[in-house]
Amino acid sequence: MVPCLSAFAALATLLGFCAPLGAQPQQAQDKRFDCTSNPHEFISTLIEEKSIDPKPSRVEANSVNAFRPAQGSRMSAFGFPIYVVLGYARDDDLFRRGAGKEIKSPLYGVVVSAPAESVRTRVSEANSDATVKSVVPLLLTAIVCGG
């Protein structure tokens, strides 16, 4: 097995053991990454489903809002566990404005617990138009539409 995949397999196994007993099966969010939606629809749907907390846990200076998965919610994107959900659209009351310069284009997405190359491969195989960016090398990767 390739060392990167071996490390991922170990991380995935560890995350599986850390999941609470009796937790719901993971809710796959893959279909939402066709990048034809918008931040308001993406985030409000997850709030209505009670998949994420309705208030952002963090608002970046550029106004990107980060929402935590709701307690007991086990969401995934392209087979990877979701760490945080992201979104922002200017002049939308669903999102808080940050202290710095706002991003120009609407954005929505997630940060998953997986290395960027593994995520990039799965996103490509799914023919998604989402952008993949490393957040923390080998640990956290963003999957984003727009921005």
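Worth a mention:
- Kirkwood radius for the range 27-146, taken over all pairs of different Cα atoms as the inverse mean of 1/r, rounds to 14.1 Å.
- Added length on full extension, which subtracts the Cα-Cα distance from 0.36 nm per residue, residue 41 to residue 105: 21.5 nm
- Global geometry of the range 101-145, whether rounded, prolate or oblate, following the gyration tensor of its Cα atoms and the 1.5 cut on a/c: oblate
- The range 110-147 residues near the modelled residue 49 label - backbone nitrogen below 15 Å, point 7 Å along Cα→Cβ: 110-111
- A crude spin-label estimate for the pair residue 90 and residue 30, with each label 7 Å from Cα along the Cβ direction, gives 3.5 nm.
- Remark on residue 84: its backbone amide H falls under 5 Å from those of 111, a criterion applied only to residues 5 or more positions apart or on other chains, H modelled at 1.01 Å from N.
- Residues 103, 52, sorted so that the one with the fewest Cβ neighbours within 10 Å comes first: 103, 52
- Distances between placed amide hydrogens fall under 5 Å for residue 135 paired with 140, 141, 142, all partners being 5 or more residues away or on another chain.
- Legend: distances between Cα atoms for 101/133; 50/104; 50/101; pairs beyond 24 Å are 50/104; 50/101.
Throughout, read-outs are computed from the coordinates displayed, never taken from laboratory work. What you see is a predicted model; the values in this text were computed from it and never measured. Reconstructed Cβ throughout: ideal geometry from the backbone, glycine too, with neighbour counts over all protein chains shown.
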